[in-house]
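Worksheet for the structure shown next.
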Amino acid sequence: MSVKILRLTALFLSLILCLAALPACQKSDPLTPAGFTSMTVDAKGKTLTASIKLDALTLQKHAGGAVYLYELLPGQTVASSRGAKPIASAKIASNVRLSADLYDGERSRLYSSFVIGFEDGSLLSRDGHYVDNPEILAADKTPFAWTSTPKGLFADDAEDAAALHTAHVAYELSLAALSAGDALFSHNGTAYSYQEALLHALDGKINTASDAGMQVSLRILLDTDLDANTAAALFTLLAKRYSGEAGLVTAFLLIPTAAPADSDDTAQLAKIATLCRMAALALRSHVANGRIYVHHSAPALHYVKAFFINLQNEFDKGGELDWGISLLIDADQSLDVPTVTVESLPTLTDLLTTSTRRGASWIAVELAPIDATDPDLQAATYAYQYYTAALIRPSMIFYPSHIDRDPKNPNGLRGDASSERLLTSVYKGIDSGLGEDMLALCRATWGEKWNDSLPTLSSRGLSGSTSAGVGGMGEQMLFDFRENTTHGFGAVASLDDVALRDSQSLNAPVLYVWADNQSHAPAGIRKQLPSAACLENVLSLSVQFLSQSAAGSCTATLRIDGYAPDGTRLIYESSAAAKSTSWQTVTYQISSFSSAADLSRPCTISFTVAPDGTEDEPYPIWISGILSRTPEQTESSLLPLFLILGGAALGGVGIWLIYRQTAAAAERRAKKRRRVR
C-alpha cells in the first residue's frame with residue numbers, strides 16, 4: 001500500500017468520526033409538524049416575527065418558490081386570505097423567519113391571526129395562528145402571586161372583604177350593559193361606545209381591593225352577540241383601565257351565557273374560543289401575568305368535561321393559550337347522572353395541563369350559596385366544601401354571597417354590613433385554622449351528613465446538595481434570559497420590577513433586579529409554572545448570576561414549591577455560598593423534588609440572593625439563565641467525547657502507520673544506494 005493511500009485513508013476515517021460527533025454535541029429537536037413554531041412580538045413592541053418549519057414534502061412541492069405570511073383580521077376566516085396581499089415573504093426553506101410591522105398605521109395587528117401561503121395560492125394553515133407573547137407589551141409585569149390561600153368572595157364591600165382575610169375578590173360586569181352606553185373610545189382607529197357610569201362605579205371597588213392587597217378578578221358575562229373586533233375593543237378598554245390608577249385586575253372570569261346546547265357544537269365553541277382569545281390578548285398585553293378563566297355551570301359532569309375538552313381543541317387551532325377553567329359546585333343531587341360536586345372535583349383535574357397533553361393551566365371554583373336556616377349546618381357545609389375543594393389545589397375558591405340580598409334567604413356571610421353570623425367566623429378563619437370548638441362542631445355535622453372527617457393538608461420539606469463554580473456538561477437551557485425575554489419571572493424584594501439589560505461582560509441581554517437591601521430579605525426572582533412538567537427527570541438546576549453587593553460573598557437559595565400525588569405540599573429549598581462581584585454558576589441537585597412531585601400540578605420556582613453582610617445600600621443582581629440536566633443529557637454528553645477521542649486515536653494510528661511506511665521506504669532507498677555503490 002502506498003504512503004499516499006495510507007495517509008488519505010487515515011485522514012478520511014478521522015474526519016468521519018469527528019463529524020459524527022457533531023450531532024451528538026447538541027440535543028436534536030423533536031419532529032414537529034409543518035407550520036408555525038412561534039409568532040412573537042419583539043421586546044420593543046414594534047415588529048412581529050413568524051418562525052415557520054416546513055417538512056420535506058412541502059419543500060419538494062414548492063421548491064424554488066417563496067413562502068408568504070397573510071394577516072386575518074379578527075373574525076375573518078382563512079378563506080378570506082386568498083387573493084389578499086401578504087404582509088411578508090421569504091425564500092422557501094426548511095426553517096423560515098418572516099417579519100412585519102406590529103402596527104399598520106394606527107391599527108395594531110395584536111388581535112389578528114396569521115396564515116402561511118405559497119406562490120401557487122395554496123395555504124399551509126387551516127386556521128389562523130395568534131401572537132404567542134402579548135405579555136411583552138405589558139406595562140405591568142407584576143407576577144400573579146401564589147397566595148397562601150385560594151379564599152375568594154364576590155364582594156359587596158371591599159374593605160369588609162379585606163377584614164374577613166379575603167385573598168381574591170371578584171366583581172361582575174355585563175358586556176351587554178357595558179356596550180350599551182353613549183360614551184366613546186377609540187380602538188385601532190375605530191370608535192366604539194361604552195357605559196362610563198358602569199365602570200366609574202367599579203373604579204372605587206377595584207382600587208380599594210387592590211390597595212388592600214387582594215387580587216381582583218372581573219367576572220365578565222358574555223351576554224351579548226359581539227363581533228370579534230368589538231369584543232377586542234371592550235376587553236382592551238377594561239385591561240387598560242384596570243392596569244394602573246383605577247386599580248389592578250389580574251384575571252378575567254369569562255361567563256358564556258349562551259353555552260352550546262351540544263358540547264360538540266363547533267360553531268358556538270369556535271365563537272367562545274375567539275372571545276376568550278381576544279380577552280387573553282387584551283389582558284396580557286397590559287398585565288403580563290394576567291389570567292383568563294372560562295366558566296361553566298352545567299350540573300352534569302360528563303357535559304362539563306366534554307365542553308372543556310372541545311374548547312381546548314378550538315384553542316389549539318390558534319396556537320398555545322394559557323387559560324383556566326371555572327366551575328360552579330352544584331348542591332342538587334336530584335339528577336340521575338353524576339354532577340359537579342366537591343366530591344367529583346378530583347375527576348376534573350384531568351382537564352388540566354400535564355406533561356403529555358395540553359389543557360387548562362388553572363382551575364377556579366365557585367361554591368353555591370348555602371341556603372340553611374340552621375347556622376351550624378350552614379357554617380359546617382361551607383367548611384366541608386372549602387376544605388374538600390382545596391384538595392385539588394384551585395387558584396381561587398369563591399363564595400358568591402357577601403351580604404344578604406334577601407332577608408328571607410340568609411345565605412350571605414353577613415345579614416347586613418355590620419352583622420356577623422357563625423358562617424362569617426368560619427369564613428374568616430378557614431385558611432388560618434379553625435378553633436377546636438368550631439372543628440368539633442363541624443366534624444359532628446360532617447360525620448352525620450357526609451360520613452366524612454376533616455381533609456388534611458400536610459407539607460414536606462426537601463433539600464439537595466449544592467455546588468458553586470461552573471456548570472457541567474450535558475446541561476440544557478430551561479430559561480434563557482439572553483433571548484431578551486423575562487420568561488414571566490417577577491421580582492422578589494426588589495425596588496422595581498424585573499428588567500432586561502445588556503451585560504457588557506456577556507455581550508447579551510440578561511435579567512436584572514435592583515435588590516432592596518434595607519428590607520434585609522433575600523432578593524431575586526420568582527415564577528409560577530402552570531405545571532412542573534419541565535422538571536420531569538431533572539437531576540439538577542444551575543443558575544448563572546452576578547450579585548454586585550458590597551459584601552464579598554453571598555448565599556444563593558433555590559426554592560421550589562409543588563405538590564405530591566397525594567396532595568401533600570412539597571417544599572424544596574437548598575442554599576449555596578457564592579462570591580459577589582463576579583459571574584457565578586450555582587448547581588442544585590433537585591432529584592428529591594422531581595421524583596416525588598406530581599408534575600401535572602402547578603409549582604413555583606424562586607431564586608434569591610442574600611449578601612453576607614449588614615449593608616443597607618441597594619444593589620443589582622444579574623441573572624443570565626437557569627439550566628437543567630437530565631439523565632439522558634448526562635449520558636449523551638459523553639458520546640461526542642468518546643467519538644472525538646476515537647477519531648483522535650484513529651488519526652494517531654494513521655500517522656504512526658504513515659511514519660512506519662515512510663521510515664521503511666527510506667530504509668529501502670538507503671539499501672538500494674549502498675548496493676549501487
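The values are calculated or read from the model by the stated rules, or taken from the named source; none is laboratory data. Predicted model only: the values in this text are computed from it and were never measured. Ideal geometry is used to build each Cβ from the backbone, glycine not excepted, and the neighbour counts take in all protein chains shown. Accessible surface areas use protein heavy atoms only, side chains included; no ligands, DNA or RNA. Shrake-Rupley method; radii C 1.70, N 1.55, O 1.52, S 1.80 Å.
General remarks:
- Remark: segment 134-213 carries 43 Å² of accessible area per residue (probe radius 1.4 Å; ligands, DNA and RNA excluded).
- Alpha carbon convex hull of segment 518-574, volume per residue in cubic angstrom: 129
- Cα gyration tensor, segment 270-349 - rounded (a/c under 1.5), prolate or oblate: prolate
- Working from label points 7 Å from Cα in the Cα-to-Cβ sense, the L184 to D371 distance is 4.8 nm.
- Surface share of carbon and sulfur [accessible, 1.4 angstrom probe, percent] for segment 494-579: 43
- Taken along the Cα-to-beta-carbon direction at a fixed 7 Å, the label points for N507 and E320 span 3.0 nm.
- Classification of segment 134-221 by its C-alpha gyration tensor yields an oblate form. The axis ratio a/c (a ≥ b ≥ c) is 1.5 or more, and b/c is at least a/b.
- Environment charge of L253, counting only residues whose C-beta is closer than 13 Å and scoring Lys/Arg +1, Asp/Glu -1: 0
- Summed side-chain charge close to E196 - residues other than E196 whose Cβ falls under 12 Å, Lys, Arg +1, Asp, Glu -1: -1
- Two-site FRET efficiency, D227 against V78, from Cβ-Cβ distance with R₀ of 22 Å, rounded to 0.05: 0.80
- Here the spin labels are modelled as points 7 Å beyond Cα on the Cα-Cβ line, and at E420 and S595 they lie 5.0 nm apart.
- Listed by chain and number, the aspartates and glutamates whose alpha-carbon sits under 13 Å from that of K91, ignoring those within fewer than 8 places in the same chain, are E119.
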